[in-house]
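Below: the structure, in structure tokens.
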Amino acid sequence: KLGGLLAEDEPERTADEWLQRANELELRGEYREAVRCLYLASLVRLDEMDVARFVRHQTNWEHYERIASSPKRPKDLDFLEPTRQFDVIWYGRIVRGPEDVSLFRSVYQHICDSLRLQKTA
């Protein structure tokens, strides 16, 4: 199926494995691919924390809808802007470089912080 976030032959990875992959790609200057890995790490982390299931053949917008409508979504987590940015970088191929990677690393960190706060609340 076209439009899915993972290719059929691409392995399943944990959020930590996607983060590691993002670091490797960033070091090689492959910023667009590093952004994709960070976006996937975010989606997988949200799945691991039971917010919204990650479905490999679905699009970023299908994932966004599931996250936005999840009763388990942290209240301070708005995933609309990261999803728009991902669309521009990945599908639109408009890449600024390291600042894109930095943005998506901060999105991932915000998700982790929000989930941690929610768990302790």
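The values are calculated or read from the model by the stated rules, or taken from the named source; none is laboratory data. As the structure is a computational prediction, the values presented were derived from the model and not from experiment. Using ideal geometry, Cβ is built from the backbone for each residue, glycine included, and neighbour counts are taken over all protein chains shown. Remember, those area values only see protein heavy atoms, side chains included, never the ligands or the DNA or RNA. Shrake-Rupley method; radii C 1.70, N 1.55, O 1.52, S 1.80 Å.
Couple of notes before you dig in:
- Based on Cα contacts under 8 Å between residues 6+ apart, the chain shows a relative contact order of 30 percent.
- Residues in the stretch 70-121 average 61 Å² of solvent-accessible surface per residue, probe 1.4 Å, ligands and nucleic acids excluded.
- Solvent-free Debye calculation, one equal scatterer per alpha-carbon of the stretch 77-119: log10 I(q)/I(0) at 0.15, 0.20, 0.29 Å⁻¹ equals -0.40, -0.64, -1.02.
- Neighbours of R32, meaning other residues whose beta-carbon lies under 15 angstrom from its beta-carbon, give a summed charge of -1 when Lys and Arg score +1 and Asp and Glu score -1.
- As a fraction of the 1.4 Å probe accessible area of the stretch 41-80, surface on carbon and sulfur atoms comes out at 51 percent.
- Loop exposure criterion: GluC sites (Glu not before Pro), DSSP state outside H, G, I, E and B, at most 16 other Cβ atoms within 10 Å. Applied to the chain, the longest stretch between such sites is 31-121.
- Diffusion coefficient, µm² s⁻¹, Stokes-Einstein with Kirkwood Rh over alpha-carbon pairs of the chain at 20 °C and 1.002 mPa s: 149
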